[in-house]
1. If we scan the range 69-81, do we find a residue that is at pLDDT 55 or above and buried (at least 22 other Cβ atoms within 10 Å of the Cβ)?
2. How about the range 155-178: which of its residues are in contact with a Lys or Arg (Cβ under 6 Å, 6 or more places away or on another chain) and surrounded by 19 or more Cβ atoms within 10 Å (Cβ to Cβ)?
3. Please pick out the residue among 133, 141 that is open to solvent by 10 Å² or more (accessible area, probe 1.4 Å) and under 19 Å from residue 66 (Cα atoms).
4. Filter the range 23-40 for residues that are over 13 Å from residue 86 (Cα atoms) and open to solvent by less than 50 Å² (accessible area, probe 1.4 Å); which is modelled with the highest pLDDT?
5. Looking only at the range 179-189, which residues are part of a loop (DSSP other than H, G, I, E, B) and open to solvent by 70 Å² or more (accessible area, probe 1.4 Å)?
6. Does the range 129-149 hold any residues that are in contact with a Lys or Arg (Cβ under 9 Å, 6 or more places away or on another chain), at pLDDT below 95 and of a type in the set (A, V, I, L, M, F, W, C), and which are they?
7. Having 1 or more residues that are within 13 Å of residue 82 (Cα to Cα) is the bar; report the strands (runs of 3 or more DSSP E) wholly within the range 110-178 that clear it.
Amino acid sequence: MVSICVTMGAMPVSAASMDTGVNQEDILTVGATTIENNSETDGTITDANRGTITWKYDAGTLTFTGETVSSTTPNQNPEIEIPKDVITEIVNAQTTSGSAITWKKDDVIKLEIEGTVTSIGANAFDGCTKLETVTISGDVTTIGKKAFIDCKNLETVKFNSSLEEIGVQAFANCEKLTNVELPDTLKTI
């Protein structure tokens, strides 16, 4: 692994729709992306290729887990992406249904990305000012531009061994993030 001081960037991501029996009032469609909130603390994001990401919020920890939707190819779900401004979109999906969500991006302290998620979108988590720890495991190969820009309290980022690309200014203005171990698979910063 390579160890470097960072002021980096990230790259954009998207997701879309699928029928899971959720009330239509709890669904927000943005382009090819559909965000379904099952409650104030969990839901799904589905893209045009029917790739699904589940999200769950619990006491400061936000977890995204990619899933395959095809039973015939359970481990082959190309490009499941966490969309741009994802927390804002989750909150918008909840408030669209008439009930206010009880948390916002400033409440997230720990972020976990796992499963078959392959990319993190541009500006996906920008301005999460209380975010301290990010753990990227699973299949993530790309972090979009400015994905974590202005996360002023971010101290620790753990990358998976599949990461290939980190976009422009992905970690810009992350004042407490001073040393990061990058995987050998990384090709582009």
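1. yes
2. 167, 169
3. 141
4. For the range 23-40, the residue satisfying everything is 39.
5. Answer for the range 179-189, where residues must be part of a loop (DSSP other than H, G, I, E, B) and open to solvent by 70 Å² or more (accessible area, probe 1.4 Å): 179, 184, 187, 189.
6. Within the range 129-149, 136 is the sole residue that qualifies.
7. Filter on the range 110-178 gives 110-115, 133-136.
The values are calculated or read from the model by the stated rules, or taken from the named source; none is laboratory data. Note that the coordinates shown come from a computational prediction; the quantities given were computed from them, not determined experimentally. Methodologically, a virtual Cβ is constructed for each residue, glycine included, from the backbone with ideal geometry; neighbour enumeration extends over all protein chains shown. In case anyone asks, the SASA skips ligands and DNA or RNA and just uses the protein heavy atoms, side chains included. Shrake-Rupley method; radii C 1.70, N 1.55, O 1.52, S 1.80 Å.
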